[in-house]
Amino acid sequence: MLKNPERIYPLRKGEWIIEEDHVVLLRPKSRFRVLRWLWGEKFRIHLDEKGSFVWRHLTGEFSVEEIARMLEREFSLEDALQRTEQFLLSLYRGGFLEFRESLSGEGNT
């Protein structure tokens, strides 16, 4: 998993909207105009309640560990850190967030 989750600050990027109190991530279907015309403009990735909760905290202000603790309190999850790390890595691989590391331990750089 992630090394030093207490010093890694995830920051969301890309387009997203809120629908019925849940986050929907938007991703262009293609960079080619003709394919966008055929397929539509964007893929819509609907996050569930827990995913939406985490997404709203990906502001760069909270560490991975802090987000996991908030998720644990909000949803009474025992394995919140592991689940949070897995979810964040999936978002990272999909290009929806970046990780910033705190060098001083006092916030993000």
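The values are calculated or read from the model by the stated rules, or taken from the named source; none is laboratory data. None of the values given here were measured: they were computed from a predicted structure. Here Cβ is always computed from backbone atoms with ideal geometry, including for glycine, and neighbour counts include all displayed protein chains.
Cβ separations smaller than 7 Å between residues 6+ apart or across chains give the following pairs from the stretch 60-89 residues that are part of a helix (DSSP H, G or I) to residues that are surrounded by 15 or more Cβ atoms within 10 Å (Cβ to Cβ) and among the aromatic types (Phe, Trp, Tyr): 71/53; 74/53. Scanning the stretch 97-109 turns up no residue that is surrounded by 15 or more Cβ atoms within 10 Å (Cβ to Cβ), at pLDDT 90 or above and in a loop (DSSP other than H, G, I, E, B).
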